[in-house]
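To start, the structure itself, in structure tokens.
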Amino acid sequence: MSNSVLWYATRGAGAVTIILLSCVVILGILSALRVQGESWPRFLTTGLHRNLALMTLVFLALHIVTAVVDTYTNLGWAAALIPFSSYYRTFWLGLGAIAFELLLAIVATSLVRAYIGHNMWRLIHWLTYTAWPVAVLHGLGTGTDTWSAWMLAITAACIAGVGAAIVLRLAAASRDPLATHRSAFRTAVERRDSR
Amino acid sequence: MRLLDAHSDLGPLPQVGRGFIDALERSGLAGRGGAGFSTATKWRAVGQRSRGDAVILVNGAEGEPQSKKDRVLMTAQPHLVLDGAFVAARVLRARRIVLYIGERHQAARAALARALERRPEPELRLVTFAAAPARYVAGAEAAAVHLVNEGFATPTTVPPYPFERGVDGAPTLVQNVETLAHVAVLARTGSLPGTMLLTFAGGVDHAGVVEAQVGTTIGDAVAMAGGPSSVPRAVLVGGYFGRWMRREEAWQLPLTPAAVLGCGVIGLLPEGRCPVCDTAEIMSYLAGESSAQCGPCFFGLRALADACTRIAEQGSNPGDLERLHRWAAEVRGRGACKHPDGAGIFLSSALSVFAADFAAHAPHVRWQSA
């Protein structure tokens with residue numbers, strides 16, 4: 001009984017994680033697009049993005065921990081943390097481990113962004129575009145519920161949502177309204193000399 | 001010993017070690033660049049992290065348009081500034097000293113260069129010059145570090161603070177030139193001069209720099225500057241990042257080097273000048289000095305300046321004055337540096353000291369139906 005509870009928890013947390021992660025990715029893209037409306041100020045996008053990202057990690061942790069402690073699967077911690085080390089569905093679980101570690105790096109660098117510099121943070125944040133598809137593939141490849149109608153609907157909605165956001169992002173030119181002013185200020189002040 | 005009367009040859013610089021930071025602490029010396037931050041705390045932070053690689057960034061940018069005291073000091077007493085920098089380099093075991101001097105302060109730069117030629121100390125080898133662009137934000141600590149590192153005098157977000165990771169990534173002491181001159185006197189004589197440099201602007205008989213005794217009042221210092229040319233309506237204490245005060249209040253203000261005196265600019269608004277127009281002009285200046293990195297600063301200060309100008313020109317929109325009050329508070333803390341904060345505090349003080357003038361200036365002419 002306790003084993004089946006763990007197994008359901010793993011599957012449920014996995015489904016919730018992919019929904020949350022997709023929302024986080026969409027919000028991240030929307031914040032880059034500076035989307036806002038009458039009842040949707042811009043800080044709401046970034047605030048939600050940040051908080052949902054942390055919540056995603058919580059469900060991801062639940063997903064991983066319940067899978068590992070479930071004695072029926074007998075995966076072990078190494079399989080969860082070291083990609084492609086699992087005896088069971090080596091490739092698909094490996095994708096999950098990769099996605100997990102990428103997300104961990106993305107969140108960790110965001111928390112210490114002031115210390116690593118904006119460029120380094122941005123570079124690592126781009127890894128989201130790897131982490132998210134890898135996570136979706138992991139779900140498609142090894143999910144117990146993958147081919148049930150409700151899970152298919154969830155996966156399709158996630159792919160459609162993120163896909164639409166990416167298309168919007170690609171279609172919109174850089175809308176940073178400060179870019180020209182900033183470079184004008186920089187050209188005006190750039191000076192350096194030494195004795 | 002007063003700063004501006006110090007002899008140009010005070011003999012060899014005394015040997016100082018880490019114990020000097022305790023002397024600094026006891027002296028209670030506060031920075032004279034504007035923030036009034038404890039010098040000993042700053043030195044301790046750099047000293048703890050320095051492994052012989054610290055950098056001393058001598059801040060002579062003086063970007064505040066009304067302030068003249070730093071360049072007067074550098075021109076008249078370059079040796080005191082160098083003394084202070086060398087003491088800092090010894091105490092904090094520095095590898096490099098950068099003289100960050102405003103690009104327009106040619107006399108100051110030349111005086112420092114001449115003084116350097118006569119220095120026997122080994123620290124001489126550590127010195128390089130960097131020119132600070134004539135922009136308001138260029139004097140901010142992080143902007144100074146950014147210019148030396150990358151060539152852009154734009155402020156960066158903190159942390160990491162310069163004392164953690166500054167020039168070349170090393171712990172860096174960014175210190176105003178007047179503060180360093182005080183350090184020099186403390187190292188040489190064992191006590192502080194007990195004075196502070198002020199710049200008088202506006203309606204005084206002798207506008208310019210005055211060295212006033214700590215503990216006296218602004219009223220006394222104005223008398224030193226020849227007295228007001230007419231009875232001033234109000235006093236701008238601390239420059240554009242300071243605040244307007246009623247004359248009676250300002251006259252009584254004791255000269256203690258705290259943040260309220262900022263960089264030491266005392267601007268007297270003569271009777272008959274329109275304070276709303278002056279405030280609008282200064283707000284426009286500050287808006288134009290935003291480095292366009294943070295939206296709330298770049299757009300917010302522009303909106304504030306525009307609303308001020310509309311009121312000054314008697315063509316305000318309905319609600320402009322209320323919005324000014326709200327925005328002046330809201331813009332604070334919304335930038336990577338303190339530029340929006342300084343402008344917001346300045347504007348809030350104007351709105352309170354000149355409340356009647358602002359109210360009388362807002363007749364909504366443009367929006368009245370014919």
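Read the figures in this text as sums done on the coordinates, not as results from a lab. Small disclaimer: the values here were computed from a predicted structure and weren't measured. FYI the Cβ positions are ideal-geometry reconstructions off the backbone, even for glycines, and counts take in every protein chain you see.
For this structure, a couple of remarks:
- Rg/Rh (Cα only; Kirkwood hydrodynamic radius) as it applies to chain A: 1.08
- Binning the alpha carbon pair distances of the protein assembly as shown at 20 angstrom intervals from zero yields the distribution 18, 39, 28, 13, 1, expressed in whole percent.
- Estimated FRET transfer efficiency (A:Leu104, B:Glu313; beta-carbon r; R0 45 Å; 0.05): 0.20
- Pairs of alpha carbons in the range A:112-159 whose separation is greater than 18 Å (percent): 47 percent
- Calculated translational diffusion coefficient of the range A:110-195 (4 °C, 1.567 mPa s; Stokes-Einstein with Kirkwood radius over alpha-carbon pairs) equals 76 µm²/s.
- The mean sequence distance of close C-alpha pairs (under 8 Å, at least 6 residues apart), as a share of the length of chain B, puts its relative contact order at 16 percent.
- HN-Hα J in Hz across the range B:136-147 - Karplus 6.51, -1.76, 1.60, θ = phi - 60°, x for Gly and Pro: 4, 7, 5, x, 5, 3, 5, 5, 4, 4, 4, 5
- Across the range A:40-45, rounded Karplus estimates of 3J(HN,Hα) from the backbone phi angles (6.51 cos²θ - 1.76 cosθ + 1.60, θ = phi - 60°) give 9, x, 5, 5, 5, 4 Hz, Gly and Pro being marked x.
- Extreme residue, positive dipole direction of chain A, given options A:Ala13, A:Leu81, A:Trp132 (C-beta unit charges): A:Trp132
- Over the C-alpha trace of the range B:122-182, radius of gyration and Dmax come out as 11.8, 35 angstrom.
- Shielding score for B:290-296, defined as the mean number of other chain Cβ atoms within 10 Å: 5
- Shape summary: the range B:1-153 maps onto an equivalent ellipsoid whose semi-axes, from the alpha-carbon gyration tensor, are 22, 19, 16 Å in decreasing order.
- Under 5 Å from the amide H of B:Val209 lie the amide H atoms of B:Phe200, each residue being 5 or more positions distant or on a separate chain, with H modelled from the backbone and absent for Pro and chain starts.
- Database remark: amide H of B:Asn317 closer than 5 angstrom to no amide H (H placed geometrically; neighbours at sequence offset of 5 or more, or on other chains; Pro and chain starts carry no H).
- Average partner coverage of B:149-162, which counts Cβ from other chains inside 10 Å: 3
- FRET efficiency for the A:Ala184 to A:Phe91 pair, using the beta carbon distance and R₀ = 41 Å, is estimated at 0.20.
- Relative frequency of Cα-Cα separations exceeding 15 Å in the range A:30-93, percent: 64 percent
- At an R0 of 45 angstrom, the distance between the Cβ atoms of B:Ala223 and A:Phe43 translates into a FRET efficiency of 0.30.
- Between the range A:8-51 and the range B:261-335, the Cα center-to-center distance that results, in Å: 37 Å
- Highest-first packing order for the peptide set B:282-289, B:62-69 is B:62-69, B:282-289, based on the mean count of other beta carbon atoms within 10 Å.
- 10 Å beta-carbon shell around B:Cys277, net charge (K/R +1, D/E -1): -3
- Taking Cα centre as origin and charging only the Cβ of basic (Lys, Arg, +1) and acidic (Asp, Glu, -1) residues, the dipole magnitude of the protein assembly as shown rounds to 900 debye.
- Measuring spread by the Cα atoms of chain B yields a radius of gyration and Dmax of 21.3, 79 Å.
- The amide H of B:Ile97, built 1.01 Å from its N in the peptide plane, has B:Ile56, B:Val127, B:Thr128 as neighbours under 5 Å, considering only residues 5 or more places off or on other chains.
- Ordering B:Asn176, B:Ala94, B:Pro228 by Cα displacement along the dipole of chain B toward the positive end leaves B:Ala94 in first place; charges were set at the Cβ atoms of Lys, Arg (+1) and Asp, Glu (-1).
- Within the range A:108-195: Cβ-based charge dipole about Cα centre, in debye rounded to nearest 20 (Lys, Arg +1; Asp, Glu -1): 600 debye
- ³J(HN,Hα) computed for each position of the range B:180-190 - Karplus, 6.51 cos²θ - 1.76 cosθ + 1.60, integer Hz, glycine/proline x: 5, 5, 5, 4, 4, 5, 4, 5, 7, 10, x
- Rounded to 5, percent antiparallel among DSSP beta bridges of the protein assembly as shown: 45 percent
- Packing-based order for B:100-108, B:243-251, using average beta carbon neighbours within 10 Å, highest first: B:100-108, B:243-251
- Residue-averaged [θ]222 nm for chain B, counting only DSSP H segments that reach four residues, each worth -39500 (n - 2.57): -12500 deg cm²/dmol
- Remark: mean inter-chain Cβ contacts per residue of A:177-188 equal 5, using a 10 Å Cβ-Cβ cutoff to other protein chain atoms.
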